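Just below is one structure, and these are the notes that go with it.
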Amino acid sequence: MALDASEILGSPQLAGCRVNPRGSNKATMRNVGMGEGLGGALAGAIAGKKVGAEPAQAAASVTPSFTMIAWLVLTASELALVSIDRKRGLSLDQILARVPRTEINSVELGKAAPMVSKPLTVTFTSGDYWIVEVPALAKGDVKKIADAFA
């Protein structure tokens, strides 16, 4: 999916990546029947997560709320999260949050099994976090964003 948030942000998009809310990978596995019993443990293991356990940093997350899918956008001056309207053919909808690049300490793509969403943590100079999940097929797109902060 190639979206361009340049118009909605008023600044040229340098890179963009589809992201999902934290926990969406686990919820998807549960919805396809892998969420209970041994299947749930297997799903958690595949996703690289312990069943029933969430990282301590998740409590510090100030990730803007969105459902299902959003677009993480890098411009020359900021990192923004833009909602995607699935009812209008996966078009950009509204700006959920924008943060100046100078307020971003790091962007780190976590690890997960192949073909499983990977966690992406954006850490701000204030110590706050955004934590989202990056679909496996979007790994190349998010690498451009992470590399800008490496």
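The values are calculated or read from the model by the stated rules, or taken from the named source; none is laboratory data. Quantities reported herein were computed from a predicted structural model and do not represent experimental measurements. Cβ: placed from backbone, ideal geometry, glycine included. Neighbour counts: every protein chain shown. Accessible surface areas use protein heavy atoms only, side chains included; no ligands, DNA or RNA. Shrake-Rupley method; radii C 1.70, N 1.55, O 1.52, S 1.80 Å.
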Out of all the residues in region 82-90, is one or more surrounded by fewer than 16 Cβ atoms within 10 Å (Cβ to Cβ), in contact with a Leu (Cβ under 9 Å, 6 or more places away or on another chain) and over 13 Å from Leu3 (Cβ atoms)? no
Under 7 Å between Cβ atoms, which residue pairs at least 6 apart in sequence (or on different chains) link something in region 73-96 that is in a helix (DSSP H, G or I) with a partner that is open to solvent by 50 Å² or more (accessible area, probe 1.4 Å)? Arg86/Met68
Has region 62-71 got at least one residue that is assigned to a strand (DSSP E or B), at pLDDT 80 or above and aliphatic (A, V, I, L, M)? yes
Among the residues of region 45-56, is there at least one that is open to solvent by less than 50 Å² (accessible area, probe 1.4 Å), modelled with pLDDT under 95 and either touching a Phe, Trp or Tyr at 6+ places or on another chain (Cβ under 8 Å) or among the small types (Gly, Ala, Ser) (or both)? yes
Collect the residues in region 122-138 that are open to solvent by less than 20 Å² (accessible area, probe 1.4 Å) and either in contact with a Cys (Cβ under 8 Å, 6 or more places away or on another chain) or not aromatic (Phe, Trp, Tyr) (or both), keeping them in residue-number order. Val122, Ile131, Val132, Glu133, Val134, Pro135, Ala138
